[in-house]
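S.K.: Just dropping this structure here.
The values are calculated or read from the model by the stated rules, or taken from the named source; none is laboratory data. Just so we're clear, the structure is a prediction, and the values are computed from it rather than from any experiment. Cβ: placed from backbone, ideal geometry, glycine included. Neighbour counts: every protein chain shown.
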Amino acid sequence: MKFVDEFRDADKAHALAARIAALCEPGRQYKLMEVCGGHTHTIYKHGLEDYLPEQITLVHGPGCPVCVIPMGRVDDAMALASEPDVIMTSFGDMMRVPGSNGSFFDAKARGTDIRMVYSPLDSLKIARQNPDKRVVFMAIGFETTAPSTAMTVLRAAAEGLANFSIFCNHVTIIPAIKAILDSPDLRLDGFIGPGHVSTVIGCRPYEFIARDYGKPVVVAGFEPLDILQSIYLLMLQLSRRAAAIENQYSRVVPWDGNAVALRAIGQTMELRPYFEWRGLGFISHSALKVRQEYAQFDAETLFSVPGVRVADPKACQCGEVLKGVLKPWECKVFGTACTPETPIGTCMVSPEGACAAYYNYGRLTRQRVKEASTS
Amino acid sequence: MCLGIPGEVIEFLPDQADLARVDVSGVKRVINVGLLADERVEPGDWVLIHVGFALSKIDEAEAAAALQFLEGIGQAYEDELAALAESRIE
Amino acid sequence: MTAPHDSPARASWVEEALREHEALQRTQHEQARGEHDEIVGEATQFEHHGSPQPLPGTVREELVLERIDRARRARPRVREDRITMSHGAGGKATQTLIEAVFLDTFRNPLLEPLEDAAQLHVNGARVAMTTDSYVVKPLFFPGGDIGDLAVNGTVNDLSMAGAVPLYLSAGFILEEGFGVADLARIAASMQAAAIRAGVQVVTGDTKVVEKGKADGCYINTAGLGIIEHGISLGVAHARPGDVIMVSGPIGDHGVTIMLARGELDIEADITSDTAPLNGLVAGLLAAAPGVRALRDATRGGVATILNEIAAAAGVGVVVTEDDIPVRVQVRGASELLGIDPMYVACEGRLVAVVSPEDADSALAALKAHPQGTDAAVIGMVTAGPPGIVQLKTAFGGTRIVDLLVGDPLPRIC
């Protein structure tokens, strides 16, 4: 596959790994955070940590849009799905996220009409094909996905569709990064910046991280070599005591982002004054809702949504995992009460969650991995 | 909700605004290219696909530059290894 | 949305799940390793109180992994009170359901191996018996239809036991309103497949249910075959050093079905690989007596089979990503759909575990047959860690391949 295979070459990986190791100052520990869940997934899927020296720890960040949805919002979505004549449509990742009364998957087993889609456009198609039903699209994702939802709403408006709406749970990445930077529990040295969010927002929004907090950021692609190269560039900056924003994923990410995408978002959505993030609490101006002008496509206006806050279960330590304070296996219920099959928290159920990635792919100590790969 | 993957634009759908057929390893899919309205997109261009939309046009020059950097690292590494193997202090 | 200061509700199912687990852990404590858990408990306390001598990170991680392994070995229980699509996916939920409901209720030594076919002794002959149901949607797809699937699938289950397949039964559950012409077409496919495989459909049944049930046509089959003297196959026989091979490219069938559903606006030149494997198996067993086990990679894909080998034999399995044959288009479609070909069903591929001495002749035998021209060695059995399947990525790192959770591709066979 073009633009994929070339960035998966093992020999170049060894070369980069050697360079990275050479840049480590003796006795110093480095903590680099990869913000984006997609990066966490790649790191575990390709066994990238095997290429890094012991001195570098990768800390998993909150960039998993499914992981940060609080239980109360899941309950709200389930309530919408149970409304008469509603067809709920959702990406696959949401299907097994548990609310206080089960997940979409469980509701489907009880007879609720919930369908998995790969694109919000599929949801629109279902609306066209079922004029007597009300179709709701569960809109999740960071700024990567918001433009697609926005374009879909614009298309629905252009077609005058009367039976389509979205339940908007789009969140924005900068407030989450700021919450991490302001968190007293963490001392990070640098960030592997989100790749696909940056195709929309560009690289400028990260400038405050270098300017105000003195930490370098390298916006990274999603192939294993992209991530290794980004770590190399971060280590290079750190060795020179520099702090700047760099774009490793320049083949895809434009420095100024995608103006059309930002316009589409701006036209159809606006920031909520505050929004609750699982594990991170209430963050102001961190999530999007549908604008008044498009209220006929806003499920929260068309239906009455319970809006009940559900506390994160005490045993669930998703919050600390999302902030990078705890590694997945350090959560007390990891792998025992909380498994991909029986998830308690979102980090275990989302394919981009750190716990899911670790349980499904990385679940061996480095020692065992070294033993196994030489046998 | 998959990550973005690269695909090659084959053709635009004549009577449908914003829709194009792309090819990903021989598999063809129709996607919406409306988010690239500010750019010239032509058959043969590569785009990044995410949930049925093209998010960005892949800049082949930048891709080539990225690969060249990696080749350079790879070659330098080989050279170092070779040099290491040759220089034995005995 | 309510304002932040309202007091929040609580999810009671979590507390219940935790109480169950604590009860489970207490019983496991009493059985043996109380000390270890105390150490873990202390270690986590040390972390919080900053004691001078916490255990090193890797040791703590190992203790947690041991705790997880114990949890995984616990007696299977179905937690849901309703069947979900996961229970039909061939992964963890299916396995738990089978063990907790069926194995537990029917328990007998013939059932316990849970192989593709049961191996029975009847008046001195060794007979293999299998059963399958086919609920594929759509009924007709590129490369075949439900009829082909039914015959080939049953023939293959018998072949995996090393049996020569002989006789099939075919039970039909038809929906009111289903086209008779379609039914005739399915029957014709079945007969063509039966002739190709050298078997006969000798008994059957027909039922009709009201419109809205049975989605057109469901088929159930049973199959009988004879196992020749000296052949004894089973995944529990796998041993460290054994070679694992696959008979051809994986994932063709599952992806074909997904695309044939027509919901996805994806066009590709992929067809189902449904085929009878008894000829292939006969050639293989003749050339390589050191074959330990055979499994056809249907629901749950190759990944599921590798996990079954690791679990049944208490061994480790290591496979190399680059060595696993996948057609370029299957890979492209999988990337688009966000699925992993290792978990996607095939209907004409087998996985073989072969002793190292016979590996070369086994591979040659597979390649010599039209069903196995693209056969490849994909990995080997190791001593451990037991029950764990590892994949060496194309990139050189290592990761785990666990059992499937959830159901990315429903009703593919």
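S.K.: How do the pairs read when you match residues in the range B:56-67 that are closer than 20 Å to A:V200 by Cα with residues anywhere that are at pLDDT 85 or above and among the charged types (D, E, K, R), using Cβ under 7 Å and keeping only pairs 6 or more apart or on different chains?
M.R.: Here the result reads B:K57/B:E39; B:K57/B:D45; B:I58/A:R251; B:D59/A:R251; B:E62/A:R251; B:A63/A:R251, each pair linking the range B:56-67 to a residue that is at pLDDT 85 or above and among the charged types (D, E, K, R).
S.K.: Another question about this same structure. Restricting to the range A:115-136, and then to whatever is assigned to a strand (DSSP E or B) and within 11 Å of another protein chain (Cβ to nearest Cβ), can you tell me which residue is modelled with the lowest pLDDT? Please lay out each step first, then the result.
M.R.: Taking the range A:115-136 and keeping what is assigned to a strand (DSSP E or B), we get A:115-116, A:134-136.
Remaining after also requiring within 11 Å of another protein chain (Cβ to nearest Cβ): A:115-116.
Values: A:R115: 92, A:M116: 88.
Within the range A:115-136, the match that is modelled with the lowest pLDDT is A:M116.
Per-residue answers, yes or no, for (1) modelled with pLDDT of 90 or more; (2) among the aliphatic types (A, V, I, L, M); (3) more than 28 Å from C:A71 (Cβ to Cβ):
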position: C:T96; (1), (2), (3): no, no, no
position: C:L110; (1), (2), (3): yes, yes, yes
position: C:E115; (1), (2), (3): no, no, no
position: C:L120; (1), (2), (3): yes, yes, yes
position: C:R126; (1), (2), (3): yes, no, yes
position: C:D132; (1), (2), (3): yes, no, yes
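S.K.: Hey, another quick one. Given B:A17, B:A37, B:A54, B:A63, which one is among the small types (G, A, S), within 24 Å of A:G195 (Cα to Cα) and more than 7 Å from every other protein chain (Cβ to nearest Cβ)? First the steps, then the outcome.
M.R.: Numbers: B:A17 fails: within 24 Å of A:G195 (Cα to Cα); B:A37 fails: more than 7 Å from every other protein chain (Cβ to nearest Cβ); B:A63 fails: more than 7 Å from every other protein chain (Cβ to nearest Cβ).
Criteria check complete, one pass: B:A54.
S.K.: What number goes with the only condition from (1) buried (at least 21 other Cβ atoms within 10 Å of the Cβ); (2) in a loop (DSSP other than H, G, I, E, B) that A:R241 does not pass?
M.R.: (1)
S.K.: Going through A:M138, A:M116, A:M151 one at a time, which residue ends up being touching a helix residue (DSSP H, G or I) at 6+ places or on another chain (Cβ under 6 Å) and surrounded by fewer than 23 Cβ atoms within 10 Å (Cβ to Cβ)? It would help to see each step written out before you state the result.
M.R.: Numbers: A:M138 fails: surrounded by fewer than 23 Cβ atoms within 10 Å (Cβ to Cβ); A:M151 fails: surrounded by fewer than 23 Cβ atoms within 10 Å (Cβ to Cβ).
Just a single option satisfies the conditions, and that option is A:M116.
S.K.: Can you find, within the range A:6-48, the residue that is surrounded by the most Cβ atoms within 10 Å (Cβ to Cβ) among those that are facing chain C (nearest Cβ under 10 Å) and among the β-branched types (V, I, T)?
M.R.: Among residues in the range A:6-48 that are facing chain C (nearest Cβ under 10 Å) and among the β-branched types (V, I, T), the one surrounded by the most Cβ atoms within 10 Å (Cβ to Cβ) is A:I43.
S.K.: Which is in contact (Cβ under 8 Å) with a residue 12 or more places away in the chain, farther than 21 Å from C:K137 by Cα and not hydrophobic (A, V, I, L, M, F, W, C), of C:G251, C:G241? First the steps, then the outcome.
M.R.: Numbers: C:G251 fails: farther than 21 Å from C:K137 by Cα.
After ruling out the rest, the residue left standing is C:G241.
S.K.: Tally the residues that are modelled with pLDDT of 90 or more and assigned to a loop (DSSP other than H, G, I, E, B), restricting the search to the range C:387-400.
M.R.: Going through the range C:387-400 one residue at a time, the tally reaches 2.
S.K.: Any residue at all in the range A:104-116 that's among the aromatic types (F, W, Y) and farther than 30 Å from A:P224 by Cα? Give the steps one after another, and end with the answer.
M.R.: The initial filter retains those residues of the range A:104-116 that are among the aromatic types (F, W, Y), namely A:104-105.
Filter again for farther than 30 Å from A:P224 by Cα, leaving A:104-105.
Yes, that holds for at least one residue.
S.K.: It is to be established whether one or more residues within the range C:99-109 are more than 14 Å from chain A (Cβ to nearest Cβ) and in a strand (DSSP E or B).
M.R.: no
S.K.: Taking the range C:247-257 as the search range and keeping residues that are assigned to a helix (DSSP H, G or I) and either surrounded by fewer than 23 Cβ atoms within 10 Å (Cβ to Cβ) or touching a Cys at 6+ places or on another chain (Cβ under 7 Å) (or both), which one is farthest from the other protein chains (Cβ to nearest Cβ)?
M.R.: Kept after step one, since they are assigned to a helix (DSSP H, G or I), are these residues of the range C:247-257: C:252-257.
Imposing the further condition that a residue be either surrounded by fewer than 23 Cβ atoms within 10 Å (Cβ to Cβ) or touching a Cys at 6+ places or on another chain (Cβ under 7 Å) (or both) reduces the set to C:252-253.
Details: C:D252: 13, C:H253: 16 Å.
Among residues in the range C:247-257 that are assigned to a helix (DSSP H, G or I) and either surrounded by fewer than 23 Cβ atoms within 10 Å (Cβ to Cβ) or touching a Cys at 6+ places or on another chain (Cβ under 7 Å) (or both), the one farthest from the other protein chains (Cβ to nearest Cβ) is C:H253.
S.K.: Something else now. Might you let me know whether the range A:201-222 holds any residue that is within 12 Å of chain B (Cβ to nearest Cβ) and more than 28 Å from A:R8 (Cα to Cα)?
M.R.: Going residue by residue through the range A:201-222, those that are within 12 Å of chain B (Cβ to nearest Cβ) are A:201-202, A:220-222.
Those still in the list that are more than 28 Å from A:R8 (Cα to Cα) too: none.
Scanning the range A:201-222 turns up no residue that is within 12 Å of chain B (Cβ to nearest Cβ) and more than 28 Å from A:R8 (Cα to Cα).
S.K.: All but one of (1) within 11 Å of another protein chain (Cβ to nearest Cβ); (2) surrounded by 15 or more Cβ atoms within 10 Å (Cβ to Cβ) hold for A:S284; which doesn't?
M.R.: Here A:S284 clears every test but (2).
S.K.: Being at pLDDT below 70, surrounded by 15 or more Cβ atoms within 10 Å (Cβ to Cβ) and more than 9 Å from chain A (Cβ to nearest Cβ) is true for just one of C:Q28, C:Q45. Which residue is that?
M.R.: Details: C:Q45 fails: surrounded by 15 or more Cβ atoms within 10 Å (Cβ to Cβ).
Answer to the check: C:Q28.
S.K.: Let me ask another. Residue check, A:C347 against (1) in contact with a Pro (Cβ under 6 Å, 6 or more places away or on another chain); (2) at pLDDT 85 or above, all met but one. Which one?
M.R.: (1)
S.K.: Let me ask something else about it. So, in the range C:346-373, how many residues would count as being farther than 19 Å from C:I305 by Cβ, of a type outside the set (A, V, I, L, M, F, W, C) and in contact with a Leu (Cβ under 8 Å, 6 or more places away or on another chain)? Give the derivation first.
M.R.: First pass over the range C:346-373, keeping only residues farther than 19 Å from C:I305 by Cβ: C:356-358, C:360-361, C:364-365, C:367-370, C:373.
After this cut, where a residue has to be of a type outside the set (A, V, I, L, M, F, W, C) as well, the list is C:356-358, C:360-361, C:367, C:369-370, C:373.
Those left that are additionally in contact with a Leu (Cβ under 8 Å, 6 or more places away or on another chain): C:369.
Adding up the residues that qualify gives 1.
S.K.: Quick one: in the range C:258-286, which of the residues that are in a loop (DSSP other than H, G, I, E, B), surrounded by 22 or more Cβ atoms within 10 Å (Cβ to Cβ) and of a type outside the set (S, T, Y) is farthest from the chain's Cα centre (by Cα)? If you could, list the steps in order and put the result at the bottom.
M.R.: Within the range C:258-286, the subset in a loop (DSSP other than H, G, I, E, B) is C:261-265, C:268-277.
Subset that is surrounded by 22 or more Cβ atoms within 10 Å (Cβ to Cβ): C:268, C:270, C:272-277.
Going one step further and asking which of them are of a type outside the set (S, T, Y), we end up with C:268, C:270, C:273, C:275-277.
On the way: C:A268: 25, C:I270: 22, C:D273: 17, C:A275: 18, C:P276: 18, C:L277: 17 Å.
Only one residue fits best here, namely C:A268.
S.K.: While we're here: For residues that are at pLDDT 90 or above and in contact with an Asp or Glu (Cβ under 9 Å, 6 or more places away or on another chain), scanning just the range B:1-11, find the one that is surrounded by the fewest Cβ atoms within 10 Å (Cβ to Cβ).
M.R.: B:I10
S.K.: Take the residues in the range A:246-264 that are buried (at least 24 other Cβ atoms within 10 Å of the Cβ) and over 12 Å from B:A66 (Cβ atoms); name whichever of them is farthest from the chain's Cα centre (by Cα).
M.R.: Once the filter is applied, the top-ranked residue is A:A264.
S.K.: I'm checking my understanding of the structure. Among residues of the range B:16-27 that are buried (at least 21 other Cβ atoms within 10 Å of the Cβ) and in contact with a Gly (Cβ under 9 Å, 6 or more places away or on another chain), which one is farthest from B:F53 (Cα to Cα)?
M.R.: Of all residues in the range B:16-27, those buried (at least 21 other Cβ atoms within 10 Å of the Cβ) come to B:20, B:22, B:24-25, B:27.
Within this subset, residues satisfying the condition of being in contact with a Gly (Cβ under 9 Å, 6 or more places away or on another chain) are B:22, B:24-25, B:27.
Numbers: B:V22: 11, B:V24: 14, B:S25: 18, B:V27: 16 Å.
Result: B:S25.
S.K.: Something else: Would you pick out the residues in the range A:298-357 that are under 30 Å from A:N163 (Cβ atoms), outside any loop (DSSP other than H, G, I, E, B) and either within 8 Å of chain C (Cβ to nearest Cβ) or among the basic types (K, R) (or both)?
M.R.: Within the range A:298-357, just A:V310 meets the criteria.
Matching residues to (1) aromatic (F, W, Y); (2) farther than 17 Å from A:Q248 by Cβ; (3) within 19 Å of the chain's Cα centre (by Cα):
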site	(1), (2), (3)
A:K178	no, yes, yes
A:L181	no, yes, yes
A:R187	no, yes, no
A:G190	no, no, yes
A:T199	no, no, yes
A:C203	no, no, yes
A:Y206	yes, no, yes
A:R211	no, yes, no
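S.K.: Of all the helices (runs of 4 or more DSSP H) wholly in the range C:287-381, which have at least 3 residues that are in contact (Cβ under 8 Å) with a residue 60 or more places away in the chain, buried (at least 24 other Cβ atoms within 10 Å of the Cβ) and under 14 Å from the mean Cα position of the chain (by Cα)? If you could, list the steps in order and put the result at the bottom.
M.R.: On the way: elements: C:301-313, C:328-337, C:359-368.
Once the helices (runs of 4 or more DSSP H) in the range C:287-381 are filtered for at least 3 residues that are in contact (Cβ under 8 Å) with a residue 60 or more places away in the chain, buried (at least 24 other Cβ atoms within 10 Å of the Cβ) and under 14 Å from the mean Cα position of the chain (by Cα), what remains is C:301-313.
S.K.: A further question on this structure: Of everything in the range C:323-365 that's farther than 25 Å from C:D145 by Cβ and among the charged types (D, E, K, R), which residue is modelled with the lowest pLDDT?
M.R.: Going through the qualifying residues, I end up with C:E335.
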